[in-house]
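To keep things clear, I will list the structure first and then write my remarks on it.
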Amino acid sequence: MTAPRLWQGRTLALVGVVLVSLSLRTPVAALSPILDRVAADIPLDAFALGLIGAAPPLAFAASGLVAPALARRMGLEQALVASLIAMVLGHLARAVAPEVVSLALGTVLALVGVGLGNVLLPPVVRRWFPDRVGFVTSLYATLLSISTAVPALVAVPVADAVGWRASLGTWTLVALIAAVPWVTVLVQRREPVQPTLDTGAVDLAPAPGRLGLRMLRSPTAWAIGVAFGSSSLGAYAAFAWLPQLLVDRAGVDDAAAGALLAVFSIMGFPGGLLVPVLVARFPRSTAPLVLLGGVLFAIGYLGLLVAPETAPVVWVVSAGLGPLLFPLALVLINLRSASQRTTVALSGFVQTVGYLLGAVGPFVVGILHDATGDWTAALVFLLAALVLVPFSAIVLARGRLVDAEVRPAGVGGAA
């Protein structure tokens, strides 16, 4: 199949996936670097700062419950546009917020839009690119890393040049531009090209017995959720506490600690680029990759626990490679579901479980540090949280589809 034929009728959708990916982390990454400038105009107490810090994983988890129903009612593309509209409104509300309540509400609205997009993007990829799930998942997982890094890099310079309100409002344009391809698709009413095997009905009507609730009895769904959640817990804990931990235990200065946090973030690129393609082409690599992610996290935590000053860069690099579990879980959402309806429900379930675990990470690490005055208990907790990763690998090694696990007895067809 030639390249023009391969992407025929799907180029606009591919551009849409790329642009949505570049929008999905801007509400998270654009605010925290300039909180001191915001606080100069809007007083932010400890409670407000804690709420803003905890909001991303909680909003993402809540969105995982809402997104499947929204997709059934509106359709995938329409729901994705709705998520972008929520981001636009949230960005605008934050940029013009006169006081802390408006700032918090705008932040929550933007994050709910992100959460919806998180859940909807995997089934959108399945719908439009059933023959290129690994490649397109790899593409957008990598772009998510860029969407995290770029706002953090430019937020402060823009705020210094034109003010923090303009810095926050700038990202409205990104979300608006991301909506254009999908609005165009809806106007044209173009159906996705499916050049390979039939991958299941696109029908999003609810299955008998509430498919979302039946995910609770799927071992595969739980295994993917554990992989996703292990990555989220480690990543959110690192973003919240790694710099302070490195200053206290490894003896580095603040600048070096910030640089090492950047190193941790950059280590997500190799996993985003390679893991989805590997799993799509070599399904038997799934369990070894799950174990590898857990081992890399463990090496990083153990190093920081027993020899923090010996090789802090090595420990941070190792822990930073652990989140390869994130793109792995994203591609498995498509590969372990046989119908579009199951993909949507599975995406919502996995991301709800995963982001709830992600919210636990920084919270528990902070409590343990405050209670003990040291990082030993916190690092032991992070190691203990990896205990479920081998069980996830064992379940995923079976290669079962979620549809077969959640289908009610006597019901045929796609679950």
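Given R₀ = 25 Å, what would the calculated FRET efficiency be for Val306 paired with Ile367, taking r from the Cβ atoms and rounding to 0.05? After rounding, the FRET efficiency stands at 0.65.
Just to verify a number: FRET efficiency for Ala397 and Leu65, C-beta to C-beta distance, R0 = 45 Å, to 0.05? About 0.95, to the nearest 0.05. Full extension of the chain between Met74 and Val263 yields a length gain of 64.0 nm, computed as 0.36 nm times the residue separation minus the alpha carbon distance.
Computed over neighbours whose Cβ is under 13 Å from that of Val158, the net charge equals +1, Lys and Arg +1, Asp and Glu -1. For Val387 and Leu51, the difference between the fully extended length at 0.36 nm per residue and the C-alpha to C-alpha distance is 118.1 nm.
Relative to its Kirkwood radius, the Cα radius of gyration of segment 210-404 gives an Rg/Rh of 1.00. Based on Cα atoms of segment 85-154, Rg over Rh with Rh as the Kirkwood radius reads 1.11. Each pair of Cα atoms in segment 1-192 enters the Kirkwood radius, and Stokes-Einstein at 25 °C and 0.890 mPa s then converts it into a translational diffusion coefficient of 144 µm²/s.
Counting only Cβ charges, +1 for Lys and Arg and -1 for Asp and Glu, the dipole size of segment 210-404 around its Cα centre is about 1300 debye. For the pair Glu99 and Val180, the difference between a 0.36 nm per residue extended length and the Cα-Cα distance amounts to 26.0 nm.
Note on the chain: helix-only mean residue ellipticity at 222 nm, from DSSP H runs of 4+ residues weighted -39500 (n - 2.57) and normalised by residue number, equals -25000 deg cm²/dmol. For segment 210-404, averaging the sequence separation of C-alpha pairs within contact (under 8 Å, six or more residues apart) and dividing by the residue count gives a relative contact order of 41 percent. Per the Debye calculation on the chain with a single equal scatterer at every Cα and no solvent contribution, log₁₀ I(q)/I(0) for q = 0.06, 0.07, 0.09, 0.14 Å⁻¹ amounts to -0.23, -0.32, -0.53, -1.28. In segment 210-404, with Lys and Arg counted as +1 and Asp and Glu as -1 at Cβ, which of these residues, Leu304, Leu330, Ser218, has the Cα nearest the positive end of the dipole, that is, farthest along it? The residue sitting farthest along the positive end of the dipole is Ser218. The label point for Val380 and the one for Ala161, both projected 7 Å from the Cα toward the Cβ, are 5.0 nm apart. In whole percents, the pair-distance distribution calculated for segment 10-58 from its alpha-carbon pairs, binned every 10 Å from zero, is 22, 38, 21, 15, 5. Sorting Arg336, Arg400 from the fewest to the most surrounding beta carbons within 10 angstrom yields Arg400, Arg336. Computed from the C-beta positions of Asp36 and Leu291, the FRET efficiency with R₀ = 41 Å rounds to 0.50. Highest-first packing order for the peptide set 370-382, 229-241, 56-68 is 229-241, 56-68, 370-382, based on the mean count of other beta carbon atoms within 10 Å. Summary of packing: across the peptides 216-224, 300-308, the per-residue average of other C-beta atoms within 10 Å ranks them, highest first, as 216-224, 300-308.
Taken over the C-alpha atoms, segment 31-100 has Rg and Dmax values of 15.1, 44 angstrom. Whole-Hz Karplus values for segment 401-407 come out as 8, 4, 3, 5, 7, 10, 5 Hz, taken residue by residue from phi with 6.51 cos²θ - 1.76 cosθ + 1.60 and θ = phi - 60°; glycine and proline positions read x. Computed on the chain, with alpha-carbon pairs under 8 angstrom and 6+ residues apart, the relative contact order is 24 percent. According to the Cα-based calculation, Rg over Rh for segment 317-415 is 1.09, with Rh computed by the Kirkwood formula. Assuming charge only on the beta carbon of Lys and Arg (+1) and of Asp and Glu (-1), the dipole of the chain about its Cα centre is about 1800 debye to the nearest 20.
Quick one, can you get me the convex hull of the C-alpha atoms of segment 277-330 expressed as volume per residue in Å³?
62
No value in this document is a laboratory result; all are computed from the given coordinates. Note that the structure is a prediction, hence the values are computed from the model and not measured. Don't worry about glycine lacking a Cβ; one is built from the backbone with ideal geometry, like all the others, and counts go over all protein chains shown.
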